[in-house]
Amino acid sequence: MNTIIVACLVAVAAAVPQISYQPNQYSGSPQPLINILSQSFEQDPNTGNYKYSYQQDNGQAVAEEGSVYPGPQPETGSITQQGNFQFVGDDGNTYQISYVASEGGFQPRGAHLPVAPAQIPEYAQLRQEHPELFWAEGQQPQQPTYV
């Protein structure tokens, strides 16, 4: 009987949590807090169109508008978003980007972004001389027929 009691006491002693109290473990972040200077959000419940913006005291600012275009069937259609944002880079410069996002893809513009070169003359000449190599947007190329 004494063996059972001793075994139970050992089990209870082993089950006691071994956690030490650490009051400053999560005391705060070394990063400074960023304050919101202004923010707004508007949405039309009938159309789904929206507009939002915010500005922070660290130089970051965002503004965007979205327009919903319903399609011919329910649950179809598209949305076009346009807006701009700015931030302060690691080098201390403020970078500004404006963009449009639609069925044509995401199209950013900014003074610091590279610009695609104009169409090279050889490509334009190839398109003109061999239109069968290119198809209109949204159309699939003709599939070969096998005999």
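Just to verify a result, which residue in region 27-76, among those that are at pLDDT 95 or above and touching a Leu at 6+ places or on another chain (Cβ under 9 Å), is nearest to PRO108 (Cα to Cα)? Here the residue is ALA61. Filtering region 46-67 to residues that are without any contact (Cβ under 8 Å) to a residue 24 or more places away in the chain, touching a strand residue (DSSP E or B) at 6+ places or on another chain (Cβ under 9 Å) and loosely packed, with under 14 Cβ neighbours inside 10 Å leaves THR47, ASP57.
Scoring GLN81 on the criteria (1) over 20 Å from HIS112 (Cβ atoms); (2) loosely packed, with under 10 Cβ neighbours inside 10 Å leaves a single failure, condition (2).
The values are calculated or read from the model by the stated rules, or taken from the named source; none is laboratory data. What you see is a predicted model; the values in this text were computed from it and never measured. In this analysis, Cβ positions are derived from the backbone assuming ideal geometry, glycine residues included, and neighbour counts consider all displayed protein chains.
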